[in-house]
Amino acid sequence: MASAEPSSRPLSPTGCLQPVWERLAPLPHPVYFVTKDPKWQDIVDNPNFLDYPNQFPLESLYERGVNTSDIWTAQAYIDLKQCGLDVHLVPEIIPGQICFIPYYYLKARDWLHKSFVVALYHDCPRPMMCNQRFVINHSQIQSQRLDHFISHRPQPNMKPRNPSRGATIENLVFKGEAYNLFPPFRTPEFLAQLDAMDIRLVMNTEFTGNVFEGWANYRDADVVMAIRNTTHFDTSLKPALKLINAWTAGVPALLSPEPSYQRLRQSSLDYIEVCTPEDAIAALHHLKQNPDLYLAMIENGLRRSQEFTPAQTAMQWHQLLSGPIAAGYAQWLRQSPLQKKLVRPMQYFGQFLLQKREIKRYLHGINHGPRILTERSPSYQLQLPTLEDAKQLWG
């Protein structure tokens with residue numbers, strides 16, 4: 001029989017998982033994270049905020065981060081500061097320096113060509129007004145030299161599932177923006193089927209109180225459900241964050257067929273892929289009937305989560321900033337005065353035109369084309385994990 005009891009993981013007094021940071025080697029060059037959101041102005045003005053934990057409690061700082069731009073600027077900055085790196089949070093680009101900027105903060109009027117811009121390519125148009133890119137899905141890589149994959153770190157301030165719940169399955173939880181849950185998974189018919197199994201659907205969305213708290217709290221979650229019917233193009237831009245969070249929280253997951261999840265899948269214990277409400281009901285019934293299998297999925301997820309700790313993601317940042325980003329920046333600095341004064345502005349104008357093309361391509365791609373659930377492959381079949389899978393995995 002598998003055990004769902006997690007290995008010792010430090011928790012804060014409020015029950016949040018506490019990352020264990022390692023001090024990393026110095027970066028070759030300082031890195032500037034650009035945020036346009038004034039809510040971060042206090043730590044912009046106080047770069048030594050870590051020295052004043054009463055004035056700047058980390059859990060409160062992390063709780064501000066509720067959108068993609070927050071996650072990849074201020075949150076990343078806070079993480080890397082705790083690793084002792086020379087990073088800075090700024091409201092504007094710093095000419096001549098490495099500036100990390102999420103897509104929606106890339107503004108042509110900022111004359112981005114004056115800095116070495118590393119743009120975040122998330123679920124958005126492909127950034128063109130930049131020198132290199134970080135991507136969150138391997139499908140986004142078009143240039144091995146200029147596009148660099150980085151994985152999401154798990155949700156900050158996460159409160160993992162209470163291990164005393166054991167194999168109880170009562171709460172099927174959705175965490176995210178409400179429109180992302182495919183409507184057939186919240187119909188009266190589906191809810192009635194859940195009720196017949198003594199399961200309720202718990203929606204933690206932008207409409208249910210404290211958004212961050214709802215997304216971070218897995219204490220009473222028994223199964224996570226994240227099922228959306230996006231186009232194949234749109235799905236190719238999505239990260240594996242829902243799966244990483246589920247593993248870290250110690251909660252089995254029902255997920256839609258997305259390449260970011262499938263790339264990480266090593267066994268049937270990693271998650272259950274579903275396409276229809278009937279699939280979800282069958283999967284939940286299977287887990288309720290097989291509590292040892294349910295506990296094995298939890299234990300497997302906790303083991304897999306060790307690949308995606310905040311410290312692991314920080315090391316990814318360090319490797320990329322010290323490697324291809326530093327190399328590209330050094331080459332950029334060596335450009336001749338003619339290149340700097342004439343060629344860069346001309347290239348920038350060309351990038352601006354290409355950006356307009358990418359916006360049109362993105363808007364068409366997310367709204368047109370086959371969708372992953374309603375137009376799925378006819379060969380698709382629900383595959384449920386078995387105790388034999390667990391025995392084979394654990395030996």
Could you please find all residues in region 231-244 being assigned to a helix (DSSP H, G or I) and open to solvent by 10 Å² or more (accessible area, probe 1.4 Å)? HIS232, PHE233, ASP234, LEU241, LYS242
Members of region 195-211 found to be over 17 Å from ASN180 (Cβ atoms) and touching a helix residue (DSSP H, G or I) at 6+ places or on another chain (Cβ under 7 Å), listed by number: MET197, ILE199, ARG200
Exclusive hit being of a type in the set (Asp, Glu), over 29 Å from PRO19 (Cβ atoms) and open to solvent by 40 Å² or more (accessible area, probe 1.4 Å), set GLU189, GLU206: GLU189
Scan region 71-84 residue by residue and report those that are open to solvent by 10 Å² or more (accessible area, probe 1.4 Å), assigned to a helix (DSSP H, G or I) and among the polar types (S, T, N, Q). GLN75
For the subset of region 7-21 comprising residues that are exposed (fewer than 12 other Cβ atoms within 10 Å of the Cβ) and either over 15 Å from PRO57 (Cα atoms) or β-branched (Val, Ile, Thr) (or both), which member is modelled with the lowest pLDDT? SER7
Please find, among TYR77, TYR32, the residue that is modelled with pLDDT of 95 or more and under 22 Å from TRP332 (Cα atoms). TYR32
All positions within region 39-48 that are out of contact with any Leu (no Cβ under 8 Å at 6 or more places or on another chain) and either within 18 Å of ASN157 (Cβ to Cβ) or touching a residue at least 24 places away in the same chain (Cβ under 8 Å) (or both): LYS39, GLN41
Going by the structure shown, is VAL87 modelled with pLDDT of 95 or more, buried (at least 21 other Cβ atoms within 10 Å of the Cβ) and farther than 25 Å from GLN140 by Cα? yes
Which members of region 277-320 meet the condition of being within 20 Å of GLU170 (Cα to Cα) and either in contact with a helix residue (DSSP H, G or I) (Cβ under 7 Å, 6 or more places away or on another chain) or of a type in the set (S, T, N, Q) (or both)? PRO277, ALA280, ILE281, LEU287, GLN289, ASN290, ASP292, LEU293, TYR294, ALA296, GLY301
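Hey, can you tell me all the residues within region 52-70 that are in a helix (DSSP H, G or I) and touching a residue at least 60 places away in the same chain (Cβ under 8 Å)? Can you show your working first?
Filtering region 52-70 for residues in a helix (DSSP H, G or I) gives 58-63, 68-70.
Listed by number, the residues that qualify are GLU59, TYR62, GLU63.
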Residue check, ALA216 against (1) out of contact with any strand residue (DSSP E or B) (no Cβ under 7 Å at 6 or more places or on another chain); (2) open to solvent by less than 10 Å² (accessible area, probe 1.4 Å); (3) not charged (D, E, K, R), all met but one. Which one? (1)
Regarding ARG228, is this residue farther than 30 Å from GLY365 by Cβ, open to solvent by 10 Å² or more (accessible area, probe 1.4 Å) and in contact with a helix residue (DSSP H, G or I) (Cβ under 6 Å, 6 or more places away or on another chain)? no
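Please determine, by comparing only the residues of region 262-272 that are open to solvent by 10 Å² or more (accessible area, probe 1.4 Å) and free of Cβ contacts under 8 Å to residues at least 60 places away in the same chain, which one is farthest from GLU299 (Cα to Cα).
GLN262
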What residue, of PRO252, PRO259, is out of contact with any Lys or Arg (no Cβ under 6 Å at 6 or more places or on another chain) and either in contact (Cβ under 8 Å) with a residue 60 or more places away in the chain or open to solvent by 10 Å² or more (accessible area, probe 1.4 Å) (or both)? PRO259
Where in region 273-382 are there helices (runs of 4 or more DSSP H), lying wholly inside it, with at least 3 residues that are open to solvent by 80 Å² or more (accessible area, probe 1.4 Å) and closer than 30 Å to VAL118 by Cα? 344-367
Quick one: which residue in ARG161, ARG145 is in contact (Cβ under 8 Å) with a residue 40 or more places away in the chain, open to solvent by 10 Å² or more (accessible area, probe 1.4 Å) and farther than 27 Å from CYS16 by Cα? ARG145
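The values are calculated or read from the model by the stated rules, or taken from the named source; none is laboratory data. Note that the structure is a prediction, hence the values are computed from the model and not measured. No Cβ is skipped: glycine too gets one built from the backbone with ideal geometry, and neighbour counts run over all protein chains shown. Each accessible area value is taken on the protein alone, full model and side chains, heavy atoms only, with ligands, DNA and RNA left out. Shrake-Rupley method; radii C 1.70, N 1.55, O 1.52, S 1.80 Å.
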